[in-house]
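Quick one: the structure is below, questions incoming.
What follows draws every value from the coordinates through simple rules; no lab data is involved. What you are looking at is a predicted structure, and each value in this text was computed from that prediction instead of being measured. Note: ideal-geometry Cβ built from the backbone for every residue, glycine included; neighbour counts use all protein chains shown.
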Amino acid sequence: MTTGAAYEALTVETLPDRLAGIAVLAAKVGPEAGAWQVEEVGDGNLNLVFIVSGPAGKAIVKQALPYVRLVGDSWPLPLYRAFYEHHALTRQAARDPGSVPEIYHFDEAQALIVMEFLAPHVILRRKLIAGEHVAGLAGFLGRFCARTAFRGSELSMASGDKKADAALFAGNVEIPAITEALVFTDPYFEAEMNNHTEGLGPVVAELRGDVALKIKAQRALQRFVSNAETMVHGDLHSGSIMSTADDSRVIDPEFVQYGPLGFDIGMLCANFLMAYFSQPAHRGAELETYQAWILGLIDETCATFETEFRHLWQTERTGILYPRTLFEDQGHDSGPACAEVLAGIWRDAWAVCGIEMHRRCLSLAHNADFEEIADPAIRAPLEARNLTMGAALIHAADGGLTAAEVCAMAREFNGKDVL
Ligand code: SR1
Ligand code: MG
């Protein structure tokens, strides 16, 4: 068993010997570590991910590396992110039961988490690229975002508990710093690690020359770093969701921090929009119906979020914010207060949405939806639609945008020849 030993990255060869002493892993996979099969399947930007299989079943071992995997050891990254991921998963499991994989074991020194092997789940982004449908997806994600947002905030939590939690997660510094730079800032100037598809030059120049846009993006960053409203997942894109045809789970909350209530749903909608704009390169005859399904996801995810948030407002508003003593107990309807909180959530969400649409085409770490379009002459015009809609969203975010209006914008930009 590894507990107490100095950190060492696992390999396919060393894993069975090194983890043989973890009783819960042996119980899930089989008692003879020599009979385990190990495969490294990590395709994300940061970590090692192993599937451990044996006669009794399978488990996942996720281990942090001391550097950014995508870049190499020239970019060191603290191992402590596994500690925060473990705490985030624990809280998400409590706030939205069944939404995340079950944790079997956590080893802080080895920065590793042993957790449930999800099968036959695959990364949602792969399904969206392949044109597959996932029943119940929007309901699941809308509820997840609303429950984790509401139940992690002072709308629900006791003030002391929330402050203690915010203090705990405040130690996660370098990982959110990636978001501060890569997501909010780098897209808007020629940052060192940036890259974009050839042919996008005029669109990129226009974005970077739009000072009002930069101010709005920086305003969103200001809210992201200073507005500790709730515990956010912090990286809720379609690569952080695993689905079957009718079941989904959220994974990978290592970018956890306290942040704006609307952050996660904004980032999520951006990833649906990028799936939408990239579809012409991935689909044939089914293009229109599949794109309509993706926009339907946005609509339904946002509607479910609102419904669930309002329900929690009525049934679980036990924190210091907008207390019943101040409203219902005085014979005053708190509905307008809830509407105002929701309006603030959507302002943040749509700004983040536009910014995420920019960073995945301009900064480091693009997404497969566009990257797997091999021909730049096909990719560039689709990314251009995505980039220009992102800018329109950021500009319009303060204006009370609804999900239906966002979907209408997407349809409009989808028909435009921006380049
Ligand atoms: C250097 S890390 C790049 C990206 O990968 C993660 O999944 C986050 O999305 C991060 O922004
Ligand atoms: Mg991740």
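Using 7 Å Cα-to-Cβ label points, what is the residue 39/residue 219 separation (nm, one decimal)?
4.9 nm
Here's a follow-up. With a ≥ b ≥ c taken as the square roots of the eigenvalues of the C-alpha gyration tensor of segment 116-267, please select rounded if a/c is under 1.5 and otherwise prolate if a/b is larger than b/c or oblate if it is not?
On the way: a/c = 2.10, a/b = 1.12, b/c = 1.87.
Cα axes put segment 116-267 in the oblate bin.
So what are the ³J(HN,Hα) numbers for segment 370-382, from phi and the Karplus equation (6.51, -1.76, 1.60; θ = phi - 60°), rounded to whole Hz, Gly and Pro as x?
Using θ = phi - 60°, the values come out as 8, 4, 7, 7, 5, 8, x, 5, 8, 5, 4, x, 6 Hz.
Strictly greater than 18 Å: what percent of every Cα pair in segment 200-304 meets that?
Details: 3445 of 5460 pairs.
Tail of P(r) above 18 Å: 63 percent of Cα pairs.
Sorted from largest to smallest, which semi-axis lengths in Å does the alpha carbon gyration tensor of segment 80-156 give for its equivalent ellipsoid, taking the root of 5 times each eigenvalue? Before the final figure, lay out the partial values.
On the way: eigenvalues 114, 79, 20 Å².
So the equivalent ellipsoid measures 24, 20, 10 Å along its semi-axes.
Also, I was wondering about something else. Under the 0.36 nm per residue contour assumption, what length would be gained going from the current alpha-carbon distance of residue 417 and residue 132 to full extension?
Numbers: separation 285, 0.36 × 285 = 102.60 nm, distance 2.70 nm.
Length gained between residue 417 and residue 132: 99.9 nm.
PRE reach from residue 70 (point 7 Å along Cα→Cβ): which of segment 217-244 fall under 14 Å by backbone N?
Correct set: 235-240.
Could you list which residues have their amide H under 5 Å from that of residue 77, counting only those 5 or more apart in sequence or on another chain, with H placed in the peptide plane?
67, 68
At q = 0.15, 0.25, 0.27 Å⁻¹, what is the log10 ratio I(q)/I(0) for segment 360-407, with the Debye formula run over Cα points and no solvent?
-0.49, -0.93, -1.00
Per residue Cα convex hull volume for the chain, in cubic angstrom? Could the numbers behind the result be given before it?
On the way: hull volume 59.6 nm³, N = 419.
Convex hull of Cα atoms, per residue: 142 Å³.
Where the centroid of each part is defined by its Cα atoms, how far is segment 88-140 from segment 339-407 in Å?
Value for the Cα centre distance between the two parts: 24 Å.
Quick one: which of 344-351, 318-325, 12-19 comes out on top by average Cβ neighbours within 10 Å, and what's the full order, highest first? Numbers along the way, then the final one.
Details: 344-351: 24.2, 318-325: 13.9, 12-19: 16.5.
With the highest mean Cβ count within 10 Å placed first, the list reads 344-351, 12-19, 318-325.
Right, something else. Counting Lys and Arg as +1 and Asp and Glu as -1, what is the net charge of the other residues whose Cβ lies under 15 Å from the Cβ of residue 191?
Working: positive: 208, 214, 359, 360; negative: 180, 186, 190, 192.
Charge balance near residue 191 sits at 0.
Apply 1/(1 + (r/R0)^6) to the Cβ-Cβ distance of residue 285 and residue 198, taking R0 = 35 Å, and write down the FRET efficiency to the nearest 0.05.
So, using R0 = 35 Å, E works out to roughly 0.70.
Using just the alpha carbons, could you tell me how many Å³ per residue the convex hull of segment 311-369 encloses?
Numbers: hull volume 7.1 nm³, N = 59.
Residue-normalised Cα hull volume stands at 120 Å³.
Let me ask something additional. Could you pull out which residues in segment 271-285 have an amide N less than 12 Å from a spot 7 Å beyond the Cα of residue 402, following the Cα-Cβ vector?
In segment 271-285, the label zone of residue 402 (backbone N under 12 Å from the point 7 Å along Cα→Cβ) covers no residue.
Add -39500 (n - 2.57) for each DSSP H run of 4 or more in the chain, then divide by its residues: what number comes out at 222 nm, to the nearest 500 deg cm²/dmol? Please list the in-between numbers first.
On the way: 15 runs with 199 residues, N = 419.
Helix contribution divided over all residues of the chain: -15000 deg cm²/dmol.
How large are Rg and Dmax for segment 26-136 when calculated on the C-alpha trace, in angstrom?
Cα radius of gyration and Dmax of segment 26-136 are 15.3, 42 Å respectively.
How many percent of Cα pairs in segment 263-319 exceed 17 Å?
Of the Cα pairs, 50 percent sit more than 17 Å apart.
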